[in-house]
1. Write down, largest first, the equivalent ellipsoid semi-axes of the stretch 4-163 in whole Å, where each equals the square root of 5 times an eigenvalue of the alpha-carbon gyration tensor.
2. For residue 101, what charge total do you get from the other residues with a beta carbon under 15 Å from its beta carbon, if Lys and Arg give +1 and Asp and Glu give -1?
3. Ignoring ligands, DNA and RNA, please state the percent of accessible area on the chain from carbon and sulfur, probe 1.4 Å.
4. Mind telling me which of 82, 163, 38 comes out most flexible in a GNM of the chain, alpha-carbon contacts under 10 Å?
5. Going Cα to Cα from residue 108, which aspartates and glutamates come in below 19 Å? Please leave out same-chain ones fewer than 8 positions away.
6. What does the net charge come to around residue 134 if you take all other residues with beta carbon closer than 11 Å to its beta carbon, with K and R at +1 and D and E at -1?
7. Using alpha carbon centroids, what distance separates the stretch 102-134 and the stretch 72-87, in Å?
8. Springs between alpha-carbon pairs under 10 angstrom, Gaussian network model over the chain: which of 51, 164, 87 fluctuates most?
Amino acid sequence: MPDQIIRSATAADLPAINAIYNHYVLHSTCTYQTEPETIEARELWFASHGVKHPIIVLERNDEIVGWGSLSRFHPRAAYDRTVENSVYVHAEHQRQGVGRAILTNLIKRAIHLGHHAIIAGIDAEQEASVALHARHGFTRAGYLKEVGYKFDRWLHVIYMQLTVKHPDSSLPAHAPR
Ligand SMILES: CC(C)(COP(=O)(O)OP(=O)(O)OC[C@H]1O[C@@H](n2cnc3c(N)ncnc32)[C@H](O)[C@@H]1OP(=O)(O)O)[C@@H](O)C(=O)NCCC(=O)NCCS
């Protein structure tokens, strides 16, 4: 078994996070970003995630092989307990359980932080991501046709959603945190 930990990301992890992500910017439709993320933009992204919106990394044998995050889904106040998740696994470490471990950890953190809904916006070509989220209980919530354009073709987005259960089931869904 590889030596593996999942921990909160630090500023020192941003180059590794960016390298994993930028591979997919250049080679995949899993992100609709078309130009590589700069380290300056990544630093702003990191600074904008407070304690309610964690960024985590999975380190295996001292190498960051994947990362995940919970971001605000929408700036309007009533969306406060809804987050959008991201999971990116190093291209050379796919299909080794990294994505599963990161998503499981993000769901636990969402519950702990009192979030209520997790949304995944997934390009419709990304069967691995759809399967990963379905395996964790996400269900299909919507389909947006031809909302992205990359690599000379129109792209469609599948929205998947998980409503998370607070461990104290007596807590009403609208309870303040
Ligand atoms: C999608 C992604 C996160 C999956 O991570 P991974 O570490 O490769 O996946 P895991 O080994 O943890 O597999 C977990 C489950 O995901 C699904 N899955 C993963 N890769 C798959 C593939 N190539 N085809 C179909 N299902 C796949 C399976 O259900 C799998 O469970 P199983 O192995 O028991 O069948 C990874 O491929 C990735 O980073 N892709 C690019 C970025 C992306 O699309 N991120 C999601 C958008 S937020």
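1. For the stretch 4-163, the semi-axes come out at 21, 20, 16 Å.
2. It works out to a net charge of +4.
3. 54 percent
4. Residue with maximal mean-square fluctuation among 82, 163, 38: 38.
5. Hits, sequence-local ones excluded: 59, 80, 84, 168.
6. Taking every other residue near residue 134 into account, the sum is +1.
7. The distance from the Cα centre of the stretch 102-134 to that of the stretch 72-87 comes to 13 Å.
8. Taking springs between Cα atoms under 10 Å, the residue moving most is 51.
The values are calculated or read from the model by the stated rules, or taken from the named source; none is laboratory data. The structure displayed is predicted, hence computed values, not measured ones. For neighbour counting, all protein chains shown are included, and Cβ atoms are generated from backbone atoms with ideal geometry for every residue, glycine included. These accessible areas exclude ligands, DNA and RNA; they are computed on the full protein's heavy atoms, side chains included. Shrake-Rupley method; radii C 1.70, N 1.55, O 1.52, S 1.80 Å.
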